[in-house]
1. Out of Thr126, Thr155, which single residue is crowded, with 19+ Cβ neighbours inside 10 Å, in contact with an Asp or Glu (Cβ under 9 Å, 6 or more places away or on another chain) and touching a residue at least 40 places away in the same chain (Cβ under 8 Å)?
2. Being surrounded by fewer than 19 Cβ atoms within 10 Å (Cβ to Cβ) and touching a Phe, Trp or Tyr at 6+ places or on another chain (Cβ under 6 Å) is the requirement here; does Ile74 meet it?
3. Could you say whether any residue in segment 175-183 is within 18 Å of the chain's Cα centre (by Cα), surrounded by 21 or more Cβ atoms within 10 Å (Cβ to Cβ) and of a type in the set (D, E, K, R)?
4. What pairs come out if I take residues in segment 248-266 that are over 16 Å from Gln55 (Cα atoms) and pair them with residues that are at pLDDT below 75 and polar (S, T, N, Q) whose C-beta lies under 7 Å away, six or more apart or interchain?
5. So is Leu4 at pLDDT below 95 and crowded, with 22+ Cβ neighbours inside 10 Å or not?
6. Take the residues in segment 250-266 that are surrounded by fewer than 18 Cβ atoms within 10 Å (Cβ to Cβ) and either in contact with a Gly (Cβ under 9 Å, 6 or more places away or on another chain) or of a type outside the set (Lys, Arg) (or both); name whichever of them is modelled with the highest pLDDT.
7. Which residues, counting only those in segment 53-88, are more than 15 Å from Asp101 (Cα to Cα) and small (Gly, Ala, Ser)?
8. How about segment 63-133: which helices (runs of 4 or more DSSP H) wholly inside it have at least 3 residues that are of a type outside the set (Gly, Ala, Ser) and in contact with a strand residue (DSSP E or B) (Cβ under 7 Å, 6 or more places away or on another chain)?
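The values are calculated or read from the model by the stated rules, or taken from the named source; none is laboratory data. These numbers come from a predicted model, not from an experiment. Note: ideal-geometry Cβ built from the backbone for every residue, glycine included; neighbour counts use all protein chains shown.
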Amino acid sequence: MKFLTLLLFLLPGFALADRQEIRLGDRAYVIDLPARAVGAPLILVLHGGGGSPAQIARNSGFSLPANKAGYAVIYPEGSGRIKTWNGGYCCGFAQRNKVDDIAFLDLAIKDAGKRFKLNTDRLYLTGMSNGSLMVEAYAASKPRRVKAVAGVSGTLDIASFPVRGQVALLHIHGTADTQVPYAGGLPTDGFTDTHFSAVTEVVDAFVQRWGTGLMRTSRTLDRFDDGTKVTIENWTQKGRVVVRLITVENGGHVWPGGRRAGRQGGQTQEISANDEILRFFAQFP
């Protein structure tokens, strides 16, 4: 397997006033707390391959709106010299060494809940690229543990992590993503020889667990002359969206609205990933 990094956002992060880093053995997590931390729900945000907690915090800008909405936000650290997550068929050190990252995430959740008196029964996960693979794998494996999950530009290894129950999913992905192709298969950038799952296969795997009777709707956003448009597909049960797919036509391997997304090409002005994720999570209090 060729040396991998699905995402290299390597600018140093800035620290919020109340940001803390907690060491857990040879790994760590960074946490940003809301004004009222006791009893706050918890969102885990996972960096991409080659990233770090500070990098994804900086480049997504996720903590400010999430803290304002009352969530505590944890940014766990992958493993290896160049940090990656073991999402089954990918990636890097973590995958090659069969690192049990589900166990590590459980450890980080438990530690943060006890240390900061958070409400870990209200648990949400999101991630970018390799981090998206990992959060979808966690949710697929532990659907009763997770209120909702949001993946950005990274698709679940369905064979290694079959979806075991009903879990609310938001997936955001660009059709021009060259690192995790929308249609699945090998990336054209050559960072890895992984055959990725197609976006539609992943969405279908989550939809099927909700059974029959879901209402499917679709709408398109094309308000800006930026070379992209966005299609939002919803699968609704009893008036609540349980699965949502946001497809960015001509969108690249980016976190829409993120700090560096505009520099990489394939950026869209139609949506902000932060807004879409927090809006989706709010349906599942």
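1. Details: Thr126 fails: in contact with an Asp or Glu (Cβ under 9 Å, 6 or more places away or on another chain).
Just a single option satisfies the conditions, and that option is Thr155.
2. no
3. Yes, segment 175-183 contains at least one residue that is within 18 Å of the chain's Cα centre (by Cα), surrounded by 21 or more Cβ atoms within 10 Å (Cβ to Cβ) and of a type in the set (D, E, K, R).
4. Between residues of segment 248-266 that are over 16 Å from Gln55 (Cα atoms) and residues that are at pLDDT below 75 and polar (S, T, N, Q), the close pairs are Gly252/Gln264.
5. Yes: the conditions hold for Leu4.
6. Among those residues, the one meeting the criterion is Asn250.
7. Across segment 53-88, the qualifying residues are Ala54, Ala57, Ser60, Gly61, Ser63, Ala66, Ala69, Gly70, Ala72.
8. On the way: elements: 63-68, 92-96, 101-116.
Result: 101-116.
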